[in-house]
Amino acid sequence: MKVPRLNPYYRAAFILVATAAVLVAIAVLTDRRDITTAAVVISALICLLTGIFLATLSRSEPLDLQYVSLLPVQGCINLCRICVELGIQGNATIIPKGKNGRTQTMQFLPVAVYDGASLPSETFVSSSDNAGVLFVPSGDPLLREIREREQLVIPQEMAAIKDLIREIGVDVLEVAERDFVNEDNEIITVTMEGYRLIRGCKDIARESPRCCTAISCPVCSLFACLLAEGTGSVVQVERCSAQPDTGTVTTVFTLLP
């Protein structure tokens, strides 16, 4: 049976309280009653108060990211397998809210290539111009939660959208140590360094790189939704590559005309 690990903050608090007890014991046993004893007692009091603050204000141990990173893995793989069995070979495209009268941002996975035409509301699209599967993107729950909790307003300028993606990845979700967003005409590249959920990316890519471009994980899908709603354009996921050795994930999006 695995013994649960003690929260490091509680461990530090315990050490400080124990140190305070040792210092008090030294002061009592030596019984010098001089300036040195006073300094020892004051040090013990400081250790005791600091330990109490650490124990009181520290939060519980955070979730193990090795486990958390695996939560969306099998769902992405399964849905990708189903789409492949249906003969769907296109890349994921995010259709923003308001486009063609839509009331919600959606993801369309075309059989081949999406030409930007208006789509019906059915899940299985089979029209003369386009065919594929239409569903809610995996990043939608994150987007709704951030919109509600952080009073998110998605800007319309590309420079502000790039800053927003960096802020959400690093400061809000805290899934990466650094985010870099580069723009080259209609191509947007998002690079996350020190990505904390890289284990999930590794397992999905091991199944097939196709999974990442067809059924993006919630984080990459969230970035695509931000780009789509901010620019008002359909966003296509072109490529997603993970480097587990360096903890870097690079995702390339294209703004479709």
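The values are calculated or read from the model by the stated rules, or taken from the named source; none is laboratory data. All figures in this text were calculated on a predicted structure; none of them were measured in a lab. Cβ coordinates were reconstructed from backbone atoms using ideal geometry, including for glycine residues, and neighbour counts include every protein chain displayed.
Some notes on this structure:
- Residue within the range 161-170 that is in a loop (DSSP other than H, G, I, E, B) and either in contact with a Leu (Cβ under 8 Å, 6 or more places away or on another chain) or under 18 Å from G247 (Cβ atoms) (or both) present: no
- Criterion (under 23 Å from the mean Cα position of the chain (by Cα) and either outside the structural domain of D245 (by TED's automatic domain parsing) or among the charged types (D, E, K, R) (or both)) met by exactly one of D115, D140, D129: D140
- Restricting the first member to the range 188-199 and to residues that are under 20 Å from A160 (Cα atoms), and the second to residues that are of a type in the set (K, R) and in a strand (DSSP E or B), the beta-carbon pairs closer than 8 Å and six or more apart or on different chains are M192/R178.
- Cβ pairs under 6 Å, 6+ apart, first in the range 206-225 and under 15 Å from L70 (Cβ atoms), second part of a helix (DSSP H, G or I): E207/I77; C211/C76; C211/I77; C211/C80; C211/I204; P218/L142
- Of the residues making up the range 86-123, those that are outside any loop (DSSP other than H, G, I, E, B) and surrounded by fewer than 17 Cβ atoms within 10 Å (Cβ to Cβ) are N100, G101.
- Against the numbered list (1) touching a residue at least 24 places away in the same chain (Cβ under 8 Å); (2) surrounded by fewer than 17 Cβ atoms within 10 Å (Cβ to Cβ), S233 comes up short only at (2).
- In summary, Y67 fulfils each of the numbered conditions (1) surrounded by fewer than 14 Cβ atoms within 10 Å (Cβ to Cβ); (2) in a loop (DSSP other than H, G, I, E, B) with the single exception of condition (2).
- Residue match in the range 209-226 (condition: out of contact with any helix residue (DSSP H, G or I) (no Cβ under 6 Å at 6 or more places or on another chain) and surrounded by fewer than 19 Cβ atoms within 10 Å (Cβ to Cβ)): yes
- Conditions (1) assigned to a loop (DSSP other than H, G, I, E, B); (2) within 29 Å of R199 (Cα to Cα); (3) among the basic types (K, R); number of the one not met by R81: (1)
- The range 101-124, subset within 18 Å of S138 (Cα to Cα) and β-branched (V, I, T), residue modelled with the lowest pLDDT: T123
- The C-beta contact set for the range 140-168 (first residue within 24 Å of N185 (Cβ to Cβ), second residue in a helix (DSSP H, G or I) and β-branched (V, I, T), distance under 8 angstrom, 6+ apart or interchain) comprises I154/I161; P155/I161; Q156/T231; M158/T231; I161/T231; I168/I146.
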